[in-house]
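**Q** Let me give you the structure first, and then I'll get to my questions.
The values are calculated or read from the model by the stated rules, or taken from the named source; none is laboratory data. Source: prediction; values computed, not measured. Using ideal geometry, Cβ is built from the backbone for each residue, glycine included, and neighbour counts are taken over all protein chains shown. SASA here: full protein model, heavy atoms, side chains in, ligands and nucleic acids out. Shrake-Rupley method; radii C 1.70, N 1.55, O 1.52, S 1.80 Å.
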Amino acid sequence: MGLFQDKRVVYKPVKDVNLGPHSTEFYFHDNVKAPRMTGIVVKIFTLLLETRVFRASILYLLKRNNLFHKLITNADLEDSPLYVPLHHFEDHREQEVKCIDHALTPQEQVQLSIDCLPTSSSEEDDDALNGKNSSFCRWTIMDYSRAYSSGDITPRMIFFLKFKISDFDLKISTVYFAIAKVAERFIAAVAESSKAQLQMGFFINYNTEDILRQADESTLRYQRGEPISVLDGVLVAIKDEIDCLPYPTTGGTKWLHKERPCADDACCVERLRLCGAILSGKTNMQELGAGTNGINPHYGATRNPYDTNKIAGGSSSGSAAVVSAGLCPVALGVDGAGSVRIPAALCGVVGLKPTFGRVPHSGVLPLNWTVGMVGILAGTVEDALITLFLISFNFMNIPLLCEPFTKINLPLLPMTKSISDIKLAKYGTTNETMDSSNISLWFNDCSDDIRRCCSHALNKLQDLYGWETVDVTIPDIEVMFRAHYLTIGSECSTSLDSFREKNFAELGWDTRVALNFYSAFSSMEYIKAQKIRNRQLQFHKKILAEADVIVSPTTGVTANPIQEDAIKTGDFDYPNAAALVRYSISGNFLGLPAVTIPVGYTELGLPIGLQFIGKPWAEATLIHLAFAMQAICMPEYRKPAVFYDLLRENEINNSLDGTSNERQGGCKHVDRGKLMKRNWPPLNRASRRNSNAVNEATIVTFKNGTYVTGLLGDRSWKGRIFCNT
């Protein structure tokens with residue numbers, strides 16, 4: 001193939017490149033050349049690719065036509081390679097933060113995060129629970145915690161009995177078995193979402209017995225008045241790329257868990273468990289993370305809750321979809337090429353990718369060890385904050401970190417409005433009168449809906465806070481895209497090398513194409529890609545020295561339709577994948593933190609995300625900006641077509657009144673009986689509905705008996721009761 005060698009590209013030294021708005025560097029719109037293939041077509045192409053006769057020629061043409069040879073293989077760079085994007089710790093003097101020490105328990109870390117949240121009045125909480133808020137918003141960690149602490153709802157089950165008390169002769173006049181139960185509602189919702197009419201594909205694996213066991217334990221802690229933290233009883237889903245007992249870690253395959261058994265929780269999962277979170281199962285994902293559409297031929301396509309005919313994005317597709325659909329306020333994903341931020345944007349939720357090294361990677365499949373990071377998908381910025389600073393506190397245990405540090409900044413969200421002098425770097429024209437040739441600049445290289453929506457949101461942010469947008473140039477973005485692809489592909493192929501021959505035929509057809517392409521890169525090309533990494537990091541450091549963040553759309557396109565024949569074979573669609581990852585690469589390749597926030601919708605009602613890319617270790621500033629953007633856009637948030645309300649208070653009240661059926665409100669009528677009071681240690685929380693002669697008490701049933709506390713006039717009583725029906 002040497003006869004057709006492409007022209008050699010010589011890159012300028014970094015010091016000679018102008019990064020200002022009038023730079024002579026031009027933006028190259030990336031036109032990926034590869035056909036979209038599904039069904040029988042992708043099968044035929046895969047078989048041809050895996051034959052000795054055609055393999056070398058096909059791979060050569062794919063690399064040449066997509067400019068790998070020109071921009072990387074034959075490139076001339078003077079930069080040294082950067083193999084791991086670890087950053088020295090810097091004090092960026094972030095505004096409105098609380099500096100705390102890392103030597104805290106997980107519960108203390110969560111509480112300190114709570115102290116940084118804005119407060120809400122009890123009236124606002126009641127309005128939310130009763131559905132009186134005009135705009136749509138998802139339940140938060142704090143909503144669950146308040147509901148559990150009030151006793152109106154529990155992680156598992158409560159028995160409410162109405163009865164009259166006369167001279168301590170207890171007789172039941174009316175008894176209702178009201179199951180105020182989040183766990184059971186969750187299980188029923190997942191079962192419903194899996195039925196033929198929906199086939200949402202949220203989970204690869206979930207264990208009802210394990211979920212109910214965790215919910216029972218959490219309920220008992222609340223009834224004793226001893227919840228571990230505000231996360232106690234809160235449902236959290238885990239991407240099936242992260243170890244979480246008792247589940248196998250499949251990576252979206254049918255075989256990887258057999259070669260690599262899950263022996264323990266990942267570090268991030270362990271910290272959630274220590275705070276009482278209910279780990280609700282392993283979410284669906286693109287097989288081996290080798291794609292961005294979330295279609296898995298083994299476990300089904302994860303469907304977008306806003307339009308079930310559209311993709312959820314990937315590879316953390318299930319984690320984004322369960323948060324969007326209301327099943328969990330928080331889920332964990334892994335972000336190797338926008339794999340958290342892309343599905344977050346497509347599903348209308350918050351997606352946060354921390355600085356490389358911020359979250360310990362132990363217990364995560366080592367598929368792409370220099371670009372992948374555990375990330376967070378959440379319904380709100382506040383929940384992302386709580387989760388981030390819980391799972392990110394083991395800096396001293398990072399062996400490669402040059403300068404271990406013991407402090408971390410928490411953003412004081414009530415003070416966001418007082419932050420001043422924020423500069424947002426934008427690679428794209430901010431002057432509407434400039435000529436049309438500027439329209440192709442990076443920020444605007446997206447669909448019209450996305451460009452209009454993100455520009456409008458950014459303008460509103462500037463108008464409200466007075467923050468400044470500065471035009472910059474980010475050179476060679478199309479080169480960085482290829483260098484990242486080469487890196488993540490080489491690392492994925494290498495990590496699976498020992499299993500490849502034995503299990504390759506069990507992979508989906510689209511994944512087989514991807515792995516064949518991944519294995520086509522040489523060690524020389526890998527080293528040149530790392531030189532490009534170093535070069536790009538120097539560019540971004542210069543830009544971030546003059547600005548606080550880089551702002552862009554999160555994706556170049558919104559969710560595309562799911563083709564029926566792709567569900568069984570996977571969907572090989574590189575042009576669409578390139579548009580989805582267009583704005584995500586620097587966060588992974590350069591190890592920078594990034595966050596996406598929903599800012600609007602297309603004419604068809606599909607969510608659109610705006611992204612902030614920050615300085616290393618400056619997540620507090622990112623969260624401040626994301627919170628400000630969320631406050632502007634939240635009044636316009638829309639409810640997904642598929643949404644499960646696990647905390648709706650009217651369901652509970654209807655249950656107590658006996659007006660709803662067991663499925664809707666969990667209400668079951670019980671015949672009359674008698675209660676015999678016996679001495680028993682009191683509970684910490686009693687329920688007094690009124691102070692008249694007719695009183696009501698809360699009856700709580702566990703495996704070892706039924707307990708009651710109540711009030712009669714000025715006298716309290718407690719006991720263990722038995723109900724004879």
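**Q** May I ask you to verify whether Tyr526 is over 26 Å from the mean Cα position of the chain (by Cα) and in contact (Cβ under 8 Å) with a residue 12 or more places away in the chain?
**A** So Tyr526 fits the description; yes.
**Q** Could you list all residues from region 208-227 that are open to solvent by 60 Å² or more (accessible area, probe 1.4 Å), in a loop (DSSP other than H, G, I, E, B) and modelled with pLDDT of 95 or more?
**A** Glu226
**Q** Okay, next question. Quick check on region 54-76: of everything there that is open to solvent by 50 Å² or more (accessible area, probe 1.4 Å) and assigned to a helix (DSSP H, G or I), which residue is farthest from Ile44 (Cα to Cα)?
**A** Among those that are open to solvent by 50 Å² or more (accessible area, probe 1.4 Å) and assigned to a helix (DSSP H, G or I), it is Lys70.
**Q** Looking only at residues that are β-branched (Val, Ile, Thr) and part of a loop (DSSP other than H, G, I, E, B) in region 1-51, which one is modelled with the lowest pLDDT?
**A** Restricting to residues being β-branched (Val, Ile, Thr) and part of a loop (DSSP other than H, G, I, E, B), the top hit is Val32.
**Q** Of the residues Tyr148, Tyr144, Tyr176, which is closer than 30 Å to Glu209 by Cβ and either in a strand (DSSP E or B) or at pLDDT below 50 (or both)?
**A** Every option except Tyr176 fails the conditions.
**Q** Now a separate question. So Gly605 clears everything in (1) over 24 Å from His456 (Cα atoms); (2) in a loop (DSSP other than H, G, I, E, B) except one condition, right? Which one?
**A** Only one criterion in (1) over 24 Å from His456 (Cα atoms); (2) in a loop (DSSP other than H, G, I, E, B) is unmet by Gly605, namely (1).
**Q** Okay, next question. Could you list, ordered by first residue, the pairs with Cβ atoms under 6 Å in which the first is in region 616-642 and over 13 Å from Glu382 (Cα atoms) and the second is among the acidic types (Asp, Glu) and surrounded by 24 or more Cβ atoms within 10 Å (Cβ to Cβ), at least 6 apart or interchain?
**A** From residues that are over 13 Å from Glu382 (Cα atoms), the pairs are Thr621/Asp548.
**Q** Which of the numbered conditions does Glu546 fail, given that it passes all the others? Conditions: (1) under 23 Å from Ile597 (Cα atoms); (2) surrounded by fewer than 19 Cβ atoms within 10 Å (Cβ to Cβ).
**A** Result: Glu546 passes all but (1).
**Q** Sticking with this structure for a sec: Across region 41-56, what is the total count of residues that are closer than 19 Å to Asp565 by Cβ and polar (S, T, N, Q)?
**A** Count: 1.
**Q** Additional query: How many residues are outside any helix (DSSP H, G or I) and either free of Cβ contacts under 8 Å to residues at least 40 places away in the same chain or buried (at least 24 other Cβ atoms within 10 Å of the Cβ) (or both) when one looks only at region 369-388?
**A** 10
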